[in-house]
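The values are calculated or read from the model by the stated rules, or taken from the named source; none is laboratory data. Everything numeric here is computed off the predicted structure, so don't read it as measured data. For neighbour counting, all protein chains shown are included, and Cβ atoms are generated from backbone atoms with ideal geometry for every residue, glycine included.
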Amino acid sequence: MHEQGTIAAALCQAKHFGIFPPRKKSVKKERLILKFLFTDIEWLLVSPPGTQARMKRIEAIIKPFKLEDVKEALSGIGVEGMTVTEVKGFGRQKGHTEIYRGSEYTVDFLPKLKIEVVLSDNLVADAVPAIVKAAKTGKIGDGKVFVSSIENAIRIRTEETGEQAV
């Protein structure tokens, strides 16, 4: 219902501003209006051709008790924000068995934390070693760090894009 109200409001605005002459309502017209309404911000979502991403996303899967160490290490190099999610998983560690009230249980998925940080390229070379050093215990199950390219970022409040948004 809410989505239909939004579409109807968009149609009224488009008609008011003279985007199309008044005619019978049709699916084709609604698609045209929706395309018009969302074309203005399309440039925010895609990098111009021939440009390279100047930002990276670092995703680190770590043991939960290492969060404070990693957080301090990242703030020490100038990282201002991060997202932390509680996750469960296993790798080579393959879980473990526990005994509860005399019965043995296999725990396949172990609790971990996933830290996500988006940085400009110039901070990545310092951030990855800082995460590895802070999260390392030397035992199996310490986790992993993944680095991937980010096309663009948009700060919703100010509509800043790119590196200014992170």
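Among the residues of this structure, Phe146 counts as one that is surrounded by fewer than 16 Cβ atoms within 10 Å (Cβ to Cβ) and touching a residue at least 60 places away in the same chain (Cβ under 8 Å). Of all residues in the stretch 143-166, how many are in contact with a Gly (Cβ under 9 Å, 6 or more places away or on another chain), farther than 17 Å from Val79 by Cβ and among the β-branched types (Val, Ile, Thr)? Qualifying residue count, the stretch 143-166: 1.
Table: residues versus (1) more than 12 Å from Ala60 (Cβ to Cβ); (2) of a type in the set (Phe, Trp, Tyr); (3) part of a loop (DSSP other than H, G, I, E, B); (4) at pLDDT below 95.
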| site | (1), (2), (3), (4) |
| --- | --- |
| Val124 | yes, no, no, yes |
| Ala130 | no, no, no, no |
| Gly138 | yes, no, yes, yes |
| Gly141 | yes, no, yes, yes |
| Ser149 | yes, no, no, yes |
| Asn152 | yes, no, yes, yes |
| Arg157 | yes, no, yes, yes |
| Glu163 | yes, no, no, yes |
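For the stretch 83-94, the criterion of a residue being of a type in the set (Phe, Trp, Tyr), surrounded by 13 or more Cβ atoms within 10 Å (Cβ to Cβ) and out of contact with any helix residue (DSSP H, G or I) (no Cβ under 9 Å at 6 or more places or on another chain) is satisfied by at least one position. Among the residues making up the stretch 112-132, a single one is in contact with a helix residue (DSSP H, G or I) (Cβ under 6 Å, 6 or more places away or on another chain) and surrounded by fewer than 16 Cβ atoms within 10 Å (Cβ to Cβ): Ser120. Pairs are defined by a Cβ separation below 9 Å, a sequence spacing of at least 6 or placement on different chains, a first member in the stretch 100-115 that is in contact (Cβ under 8 Å) with a residue 24 or more places away in the chain, and a second member that is hydroxyl-bearing (Ser, Thr, Tyr) and part of a strand (DSSP E or B); the pairs so defined are Leu113/Thr85; Lys114/Thr83; Lys114/Thr85; Ile115/Thr83; Ile115/Thr85.
Restrict the check to the stretch 44-64 and report whether at least one residue is more than 21 Å from Asp121 (Cα to Cα), modelled with pLDDT of 90 or more and part of a loop (DSSP other than H, G, I, E, B). Yes, some residue in the stretch 44-64 is more than 21 Å from Asp121 (Cα to Cα), modelled with pLDDT of 90 or more and part of a loop (DSSP other than H, G, I, E, B).
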